1. Give V53, V39 a once-over and let me know the one that is out of contact with any Gly (no Cβ under 7 Å at 6 or more places or on another chain), in a helix (DSSP H, G or I) and touching a residue at least 12 places away in the same chain (Cβ under 8 Å).
2. Looking at this structure, is G51 more than 16 Å from the chain's Cα centre (by Cα) and more than 21 Å from I113 (Cβ to Cβ)?
3. Among the residues of the stretch 56-83, what is the count of those that are surrounded by 18 or more Cβ atoms within 10 Å (Cβ to Cβ) and aromatic (F, W, Y)?
4. Here is a list: L54, L94. Which entry is of a type in the set (A, V, I, L, M, F, W, C), in contact with a Phe, Trp or Tyr (Cβ under 7 Å, 6 or more places away or on another chain) and over 20 Å from L111 (Cβ atoms)?
5. Need the failing condition index for L34 against (1) more than 20 Å from A8 (Cβ to Cβ); (2) crowded, with 16+ Cβ neighbours inside 10 Å, just the number.
6. State which residue pairs qualify: first residue in contact (Cβ under 8 Å) with a residue 12 or more places away in the chain and inside the stretch 16-32, second residue outside any helix (DSSP H, G or I) and surrounded by 15 or more Cβ atoms within 10 Å (Cβ to Cβ) in any location, beta carbons under 6 Å apart, and separation of 6 or more residues or different chains.
7. Within the stretch 99-118, count every residue that is part of a loop (DSSP other than H, G, I, E, B) and exposed (fewer than 14 other Cβ atoms within 10 Å of the Cβ).
8. Out of the residues in the stretch 1-15 that are without any contact (Cβ under 8 Å) to a residue 12 or more places away in the chain and surrounded by fewer than 13 Cβ atoms within 10 Å (Cβ to Cβ), state the one that is farthest from W91 (Cα to Cα).
Amino acid sequence: MTGVTAAAYVVASALFTTGGVLLLRRALVDVEELSPTSVRALFGEPGFLIGFVLYALSFLTWLLALRRYEAVAIFPAFVGAGYAGVVLGGWLFLGETLTASRVVGAAVILLGIGLVAR
């Protein structure tokens with residue numbers, strides 16, 4: 001997996017995934033139980049809808065990349081970059097805990113992406 005196109009897919013997916021997960025998490029934080037009624041109510045929440053669309057776009061980006069690159073090369077990049085984005089975004093925008101082990105783990109994952117991509 002090399003090239004600008006592969007990197008663009010990974011960056012786009014990471015941004016879509018991170019934005020989607022953070023908005024979905026924010027929308028779900030006060031939902032005590034998922035039921036048909038609560039799910040219907042969530043579809044009336046703009047943050048939930050935008051998060052849903054962003055997450056769907058990340059899946060579409062995955063499909064576009066999967067048709068061009070080997071799964072064993074592109075999958076770790078997508079998952080790892082998404083994880084690193086959620087760790088950072090969760091800390092910045094949701095006030096989630098950013099421990100040293102999460103920072104080191106995200107760094108190791110990003111380094112691993114570079115190794116697998118070769």
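What follows draws every value from the coordinates through simple rules; no lab data is involved. These numbers come from a predicted model, not from an experiment. Cβ: placed from backbone, ideal geometry, glycine included. Neighbour counts: every protein chain shown.
1. Among V53, V39, only V53 is out of contact with any Gly (no Cβ under 7 Å at 6 or more places or on another chain), in a helix (DSSP H, G or I) and touching a residue at least 12 places away in the same chain (Cβ under 8 Å).
2. Judged against the criteria, G51 is not a match.
3. 4
4. The match here is L54.
5. Unmet condition: (2).
6. A27/E45
7. So the answer is 2.
8. G3
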